[in-house]
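Heads up, the thing below is written out as structure tokens.
Every read-out reported here was derived from the displayed coordinates using simple, explicitly stated rules and does not represent laboratory data. Here the structure is a predicted model, which means the values were calculated and not measured. Cβ: placed from backbone, ideal geometry, glycine included. Neighbour counts: every protein chain shown.
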Amino acid sequence: MGRLLSIDFGEKRTGIAVTDELQIIASGLTTVETPKLMEFLKEYISKEQVEKVIIGEPKRLNNEPSQVTPVLNAFIEQFHKQFPSMVVVRVDERFTSKMAFQTMIDSGLKKKQRKDKALIDEIAATIILQDYMNQ
């Protein structure tokens, strides 16, 4: 059994989370500058057995695609070319950044730490992955 890898895609930064090999626990892995994302994924997937990639799909409250959707679609197309046999699942990611911020508050992080947008993206990717695993 391979890991599940979750992506909270953003135009500037992308949060990454993974499971353990038994797919029991979702954990934040890192945040990557989006222009370097494909390079990071190539390296990670070459070292670790990844079974499936879960990508957060940004939508507006009215269920319309968000402004980042065309950029995300281009990334997914590029990803499929690089990893043609990899299963990619899109999941609704509405409110995950707000949930990540609330998680930071609930965890007792100081105000300065809560301003770390990279950490918010990593936590959001973990929430996306945990939600997928709970379904």
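How big is the Cα convex hull of the chain in projection, averaged over all directions, in nm²? Mind showing how you got there, number by number?
Details: hull surface 33.3 nm².
Taking the Cα atoms of the chain, their convex hull projects to 8.3 nm² on average.
Between THR103 and LYS47, what FRET efficiency comes out of the Förster formula 1/(1 + (r/R0)^6) with R0 = 35 Å and r the beta carbon distance, rounded to 0.05? E(calc), rounded to 0.05, equals 0.80.
Using DSSP, restrict attention to beta bridges with both residues in the chain and report what percent are antiparallel, rounded to the nearest 5.
In the chain, approximately 50 percent of DSSP beta bridges are antiparallel ones.
Which helices pass in the chain if a helix is a full DSSP H run, must span at least 24 angstrom along its long axis by Cα, and must have mean Kyte-Doolittle hydropathy not below -1.0? Mind showing how you got there, number by number?
Values: long enough: 117-134 (25 Å, 0.53).
Those that clear 24 Å and a mean of -1.0 are 117-134.
When only Cα pairs below 8 angstrom with a gap of at least 6 residues are kept, the range 1-73 shows a relative contact order of 34 percent.
Computed from label points 7 Å out along Cα-Cβ, the spacing between GLN78 and SER27 is 2.9 nm.
Comparing PHE83, LEU37, VAL53 along the charge dipole axis of the range 1-88, the residue lying farthest to the positive side is LEU37, per the Cβ-charge model. Listed here are the pairs LYS52/LYS117; LYS47/LYS111; LYS12/LYS111; LYS42/LYS112; LYS52/LYS110; which of them are more than 31 Å apart at the Cα? Long pairs (Cα-Cα over 31 Å): LYS47/LYS111; LYS42/LYS112; LYS52/LYS110.
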